[in-house]
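The structure appears right after this line, and notes come after that.
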2 protein chains.
Amino acid sequence: MNQHLHLITLGVEDFKKSRKFYTEILGWKASSASQDDVAFFQAGGVVLAIYPREKLAEDALTSPEGSGFAGITLAYNARSEAEVDEIIRDLKSKGVKIVKEPQKVFWGGYSSYFADPDDYHWEVAYNPFFAFDESGNLKLD
Amino acid sequence: MNQHLHLITLGVEDFKKSRKFYTEILGWKASSASQDDVAFFQAGGVVLAIYPREKLAEDALTSPEGSGFAGITLAYNARSEAEVDEIIRDLKSKGVKIVKEPQKVFWGGYSSYFADPDDYHWEVAYNPFFAFDESGNLKLD
């Protein structure tokens, strides 16, 4: 298996609410491959999908039961501390739950978190040690 | 916030065990940015990180408590059904837990799932409706 992660699916409780969050609050455009109960978002070099949680569990032959911290976080890497502040200020003005206000963190960066409708945690961070490629994806050695 | 997901972090119970899984079983190469308790993997156009679950929750100002289905799945998109079979056969021979044997699925593709040491679910699928760009990332309209 090559070193590649192509797509991440978030299992969501209320599909319409989540689709509205990603399309109207974050302002993302869904792919034409999206259907009534699945939405795909080209999110740089990876695709983010949302799909009803019960159906996702069924697809993975797994019980949908689960609670508390998902254990997985998603991150958007900004180009500066100011961009982090701007994004969080904008999301807050739209009523998004800010979990961690932007702040300097121990590893030398600047980080914040917001929550999506299923309480999945998105970090919005500036990491001065990370570089981007020409497509805007992170590029690590 | 631009339409971009840069990095995904898996909160893991046993960091050394997970690092060994990703580096030795999957055969992935960790980035030089990795440290004693965090490993970064350039996984195509996105970075996959592993980090102790308790520290990840602490970073997100969240309780680490959580159980059952994480609600999020990761996917590797293969180029053919045969590649799916080959990957799963290889992982199975290495003792990896296969959650769903490769099979044709209702949406017209061919799909399987394996589990990593924290029971995070990885789908290995062939989707005849998805295209790739020149970097091997999915490219949706």
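For segment B:114-141, give me each residue that is of a type in the set (D, E, K, R) and under 17 Å from the mean Cα position of the chain (by Cα). So that I can check it myself, show each step before the final result.
Within segment B:114-141, the subset of a type in the set (D, E, K, R) is B:116, B:118-119, B:123, B:133-134, B:139, B:141.
Result: B:116, B:118, B:119, B:123.
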**Request:** Give segment B:46-78 a look and list any residue that's among the small types (Gly, Ala, Ser) and within 17 Å of the chain's Cα centre (by Cα), or say none.
**Result:** B:49, B:70, B:71, B:75, B:78
**Fill in**
When residue B:73 is run through (1) among the polar types (S, T, N, Q); (2) under 25 Å from residue A:118 (Cα atoms); (3) outside the structural domain of residue B:98 (by TED's automatic domain parsing), the failure sits at (3)
**Message:** Going by what's in this entry, would residue B:92 be described as more than 7 Å from chain A (Cβ to nearest Cβ) and of a type in the set (Lys, Arg)?
**Reply:** yes
**Matching residues, segment B:33-42, being more than 13 Å from the chain's Cα centre (by Cα) and either at pLDDT below 95 or within 7 Å of another protein chain (Cβ to nearest Cβ) (or both)** = B:33
**Request:** Might you let me know whether segment B:90-112 holds any residue that is touching a helix residue (DSSP H, G or I) at 6+ places or on another chain (Cβ under 8 Å) and either aromatic (Phe, Trp, Tyr) or under 30 Å from residue A:103 (Cα atoms) (or both)?
**Result:** yes
**Asked** Name the pairs: first residue in segment B:49-62 and over 10 Å from residue B:18 (Cβ atoms), second residue among the basic types (Lys, Arg), Cβ to Cβ under 7 Å, at least 6 apart or on different chains?
**Response** B:60/A:100; B:61/A:100
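To keep it simple, each residue is scored yes or no on (1) polar (S, T, N, Q); (2) more than 7 Å from chain A (Cβ to nearest Cβ).
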{"residue": "B:10", "(1), (2)": "no, no"}
{"residue": "B:18", "(1), (2)": "yes, yes"}
{"residue": "B:21", "(1), (2)": "no, yes"}
{"residue": "B:27", "(1), (2)": "no, yes"}
{"residue": "B:31", "(1), (2)": "yes, no"}
{"residue": "B:44", "(1), (2)": "no, no"}
{"residue": "B:52", "(1), (2)": "no, yes"}
{"residue": "B:63", "(1), (2)": "yes, no"}
{"residue": "B:70", "(1), (2)": "no, no"}
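What number of residues within segment A:116-141 are outside any loop (DSSP other than H, G, I, E, B) and surrounded by 16 or more Cβ atoms within 10 Å (Cβ to Cβ)? Before you say what the answer is, go through the steps one by one.
To start, the set of residues in segment A:116-141 that are outside any loop (DSSP other than H, G, I, E, B) comprises A:121-126, A:132, A:138.
From the residues that got through so far, the ones that are surrounded by 16 or more Cβ atoms within 10 Å (Cβ to Cβ) too are A:121-126, A:138.
Qualifying residue count, segment A:116-141: 7.
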**Message:** Being in contact (Cβ under 8 Å) with a residue 12 or more places away in the chain, touching a helix residue (DSSP H, G or I) at 6+ places or on another chain (Cβ under 9 Å) and not assigned by TED's automatic domain parsing to the domain that holds residue A:49: is that true of residue A:78 here?
**Reply:** yes
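The values are calculated or read from the model by the stated rules, or taken from the named source; none is laboratory data. In this text the structure is predicted, and so the values were computed from the model without any measurement. Cβ: placed from backbone, ideal geometry, glycine included. Neighbour counts: every protein chain shown.
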